[in-house]
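*Asks:* First the structure, which I've put down as structure tokens, then a few questions once you've had a look.
The values are calculated or read from the model by the stated rules, or taken from the named source; none is laboratory data. Everything quoted here is computed from the prediction, not taken from an experiment. The protein model used for the area step is the full one, side chains on, heavy atoms only, and it has no ligands, DNA or RNA in it. Shrake-Rupley method; radii C 1.70, N 1.55, O 1.52, S 1.80 Å.
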Amino acid sequence: MPNKHVAVLLGGFSSERPVSLDSGNACADELEKVGYRVTRVDVDRNVAQTLADLKPDVAFNALHGPFGEDGTIQGILEYLEIPYTHSGVLATALAMDKEMSKRLAKTHGIPVAESKVMDRHAFTSKHPMQPPYVVKPVSEGSSFGVVIVQADQAHPPQIITSDEWAYGDRVMVERYIHGRELTCAVMGDVALGVTEIIPVGHQFYDYDSKYVSGGSKHVCPAEISPNIYQTITKLALKAHQAFGCRGVTRSDFRYDDRFSADGELIWLEINTQPGMTATSLVPEIALHAGHSFGELLEWMVEDATCMR
């Protein structure tokens, strides 16, 4: 029976606070069932002092978005010498920055879509790229701020340059990839499997389709050819290792099979803090691979270290 004291870090102050609360509470509930002593820490600017006073054996990082998965909280945990779950400072910082992550992936032979990074204020009445294309904040998660520009759209979307935009000035403009949404979870040094995500009532796998019940349909395992399935698992594991990730990650892909069976397979990003809610993908993929939710979380706690 586990006897470690686990501080589950949840909430925080990024745009993804609601998701983190859901993930963190789900993980805390399950860790308590497994037998750990759990303290839920709703992260604020005093988190370093809170953790120094609490002195947990392990910090389970259930934060999402900036501060939680960009190397910041990881640096605090390293300074406090508290073993923690998921990836370390450098891996999370690289993965969170879409520009740097694509550069790194490309150098390791992982196929990525053509893109450019620019200041959002540089958008004019002229498209920065032949549509269709996608505009993404460089350092956000959960599809916050993602805008798809259709082939027949006459001008760039006005929201990008408006005062309502809340996702920073640096944005990535990326060639839109038609096709199917596929994702692969990695646990340690093993690719667990591939799931296809089919948004229900949504144009793409946006925030609501990720986190609202019924927002998407998951086909696990994905019904694709063995060759493409194997290629995805290899690329997901390659990304995990290239970034220096630890614990659990999830790589997302687009697969355009409209014109041939082989089609075009594009890696989109690696998630170093994949969601752990009731509708999340990693627990579902892990279960299909033979790991219950409790077993997955226990493995993550026992895998926790500093210097990740």
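*Asks:* Which entries in Lys102/Lys136; Lys136/Lys234; Lys98/Lys126; Lys33/Lys217 show an alpha-carbon gap greater than 18 Å?
*Replies:* Among Lys102/Lys136; Lys136/Lys234; Lys98/Lys126; Lys33/Lys217, the Cα-Cα distance tops 18 Å for Lys136/Lys234; Lys98/Lys126; Lys33/Lys217.
*Asks:* Ok, one more. Starting from the exponent 0.38 and prefactor 2.2 Å, build the expected Rg for the stretch 1-71 from its residue count and divide its actual Cα Rg by it.
*Replies:* 1.05
*Asks:* Obtain the radius of gyration and the Kirkwood radius of the stretch 1-122 from its C-alpha atoms and give Rg over Rh.
*Replies:* My calculation puts Rg/Rh at 1.06.
*Asks:* Tell me the accessible surface of Arg180 in square angstrom (1.4 angstrom probe, heavy atoms of protein chains only), to the nearest ten.
*Replies:* 60 Å²
*Asks:* Jot down the radius of gyration and Dmax of the chain, Cα atoms only, both in angstrom.
*Replies:* Rg and Dmax of the chain, Cα atoms, are 19.2, 63 Å.
*Asks:* A follow-up question, please. In whole angstrom, how far apart do the alpha carbon centroids of the stretch 28-54 and the stretch 126-188 sit?
*Replies:* So the separation of the two Cα centres works out to 35 Å.
*Asks:* To continue, here is another question. Bin all alpha-carbon pair distances of the stretch 74-196 at 10 Å intervals from 0 and give each bin's fraction as a whole percent.
*Replies:* Each 10 Å bin holds this share of Cα pairs: 11, 34, 32, 17, 5, 0.
*Asks:* Another question, if that's okay. Work out how much length Asp29 to Glu99 would gain on full extension: take 0.36 nm times their residue separation and subtract the Cα-Cα distance, in nm to one decimal. Could you put the intermediate results ahead of the total?
*Replies:* Working: separation 70, 0.36 × 70 = 25.20 nm, distance 3.62 nm.
Answer, rounded to one decimal: 21.6 nm.
*Asks:* Once you have a ≥ b ≥ c as the square roots of the Cα gyration tensor eigenvalues for the stretch 133-193, tell me rounded if a/c is under 1.5, and otherwise prolate or oblate according to whether a/b is larger than b/c.
*Replies:* Since a/c reaches 1.5 but b/c is at least a/b, the shape of the stretch 133-193 is classed as oblate.
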